Amino acid sequence: MAEAIEAVVLRTLRYGEADLIAHIYTRHGGRRGVIAKGARKPKSRLGARLEPFLALRLNLHEGRGDLAVVRGVEVDAAHEHLRSSWRAQQIGAAALDLVSRLTTEHVEGEAIYHLLRNFLDLVDSTAGRADGGEAALDERRGAALLVAFQLKLLHAVGIAPQLGSCVRCGDERALAAFSAHDGGVVCAGCRTAQDATLEAVVHAAAVDLTRVPMAEIATRADETLPAMRVLRTVGAGIVVATCQEHAGVKPRQMW
């Protein structure tokens, strides 16, 4: 029985002498694995179309095994600018890796699919700006897009940290620390020695990157983006700590 699905390729693995296994994230079926038989043969048209970062429409045949067999591939978005830029590739790879590690096979997650497609489209279009102006994909803009994606992904998978009020008493004032164990920010009155210090500028950046659409971050003027030091702290102190504490995984870092 054939099935046509929309998907993003997360990673690929060589299998046997000529086959290729692809881990994909589908619009309606979540993460899964597929196999393209003979895809690595010189005359095959499948191999070049089953690469990380590509958004595809796949024609699959569901066999008896865990891996559906790829019968046909149509490319929706090649993301050529992303794949031709070293920095964009590193940013994109970190996002694909986190989706792969935070999601469970065959669990539907259409919101995650759309989040990932939007992220890859924005990184691709920003990396492709020929003028190299304010919206070019420099290190800081790339880091801001990645951290924003990571924070939104945490929300989509159900482990987003509480940033609006103290996780222990609910107070919205004097938020001074972060507790990965308790899952959010902590006020000065509830803070313990085990909690990590949370600067006001870091807290503000985390809230902003969580709430603001990624399209706005991609086009903001340089001076309105968080400083790299702040982005590193949000990434390492909030995103990484949350993933390690609540999912047992450590996101790939770009800095």
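Since every read-out is calculated from the coordinates, none of them should be taken as a lab result. All values reported here derive from a predicted model rather than from experimental measurement. So basically every Cβ, Gly included, is an ideal-geometry build from the backbone, and we count neighbours across all protein chains shown.
Structure notes:
- With each label modelled as a point 7 angstrom along the Cα→C-beta vector, the MET228-ALA188 pair spans 3.3 nm.
- Rh by Kirkwood over Cα pairs, then Stokes-Einstein D for region 2-67 at 1.306 mPa s and 10 °C, µm²/s: 133 µm²/s
- Calculated diffusion of region 19-137, Stokes-Einstein form, Kirkwood radius summed over Cα pairs, 20 °C and 1.002 mPa s, µm²/s: 141 µm²/s
- Pairwise FRET efficiency - GLU245 versus ARG64, Cβ, R0 = 25 Å, nearest 0.05: 0.05
- Mean Cβ count within 10 Å, highest first, over the residues of peptides 173-186, 36-49: 173-186, 36-49
- Within the chain, longest stretch clear of exposed GluC sites (Glu not before Pro) (DSSP loop, no more than 16 other Cβ within 10 Å): 200-255
- 0 to 90° range, to nearest 10: angle between helix 139-157 axis and the chain longest Cα axis: 90 degrees
- Of all DSSP bridge pairs formed entirely within the chain, close to 90 percent run antiparallel.
- Taking a point 7 Å out from the Cα of ALA221 in the direction of its Cβ, the residues of region 132-164 whose backbone N falls within less than 17 Å of it are 133-136, 141.
- For the chain, the pair-distance distribution built from all alpha carbon pairs, in bins 5 Å wide starting at 0, is 1, 6, 13, 16, 16, 14, 11, 9, 6, 4, 2, 1, 0, 0 percent.
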